[in-house]
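The values are calculated or read from the model by the stated rules, or taken from the named source; none is laboratory data. Owing to the predicted nature of the structure, the values given are computational and were not obtained by experimental measurement. Neighbour counts run over all protein chains shown; Cβ positions are idealised from the backbone, glycine included.
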Amino acid sequence: MSINKNLITGSTAMLILKLLDGEDMYGYQMIDTLSKRSDDTFSLKAGTLYPLLHDLEEKNMVNSYEKSADNGRLRKYYTITKKGKGMLSEKEDEWKAYVRAINQVLRGGESYAIFC
């Protein structure tokens, strides 16, 4: 089943911050990891990812640095900042509240907790 692009767009920054919370990554690595972890539901294009990373860097949510790959080529890696970790925590809480509310509506108003 295909997922509405608007749902994905609103969560992209949170997903990128979550990936970087686990380890520093370069762009293609983020695209590949996100695709694999989501069973190809989240298939980011470079034209979507890099402007988002630039925005996150301007807001001091991530920092970047260059590092040589095994083939000697320089890669730009991204790392989450303390501010980014705080934002990730807020976004995760918002997401959980959103999912909980959606599930309550889908279950006719019954609390989602009773189904877990």
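General observations
- Every listed requirement among (1) surrounded by 15 or more Cβ atoms within 10 Å (Cβ to Cβ); (2) not in a helix (DSSP H, G or I) is met by L17 save one, (2).
- Against the list (1) among the basic types (K, R); (2) modelled with pLDDT of 95 or more; (3) part of a helix (DSSP H, G or I), the condition K96 fails is (2).
- Test: L52 is in contact with a Phe, Trp or Tyr (Cβ under 8 Å, 6 or more places away or on another chain) and part of a helix (DSSP H, G or I): no
- Only one of G27, G10, G72 that is within 14 Å of the chain's Cα centre (by Cα) and surrounded by fewer than 16 Cβ atoms within 10 Å (Cβ to Cβ): G10
- Residue list for the range 44-88, filter: in contact (Cβ under 8 Å) with a residue 24 or more places away in the chain, within 12 Å of D24 (Cβ to Cβ) and among the polar types (S, T, N, Q): T79
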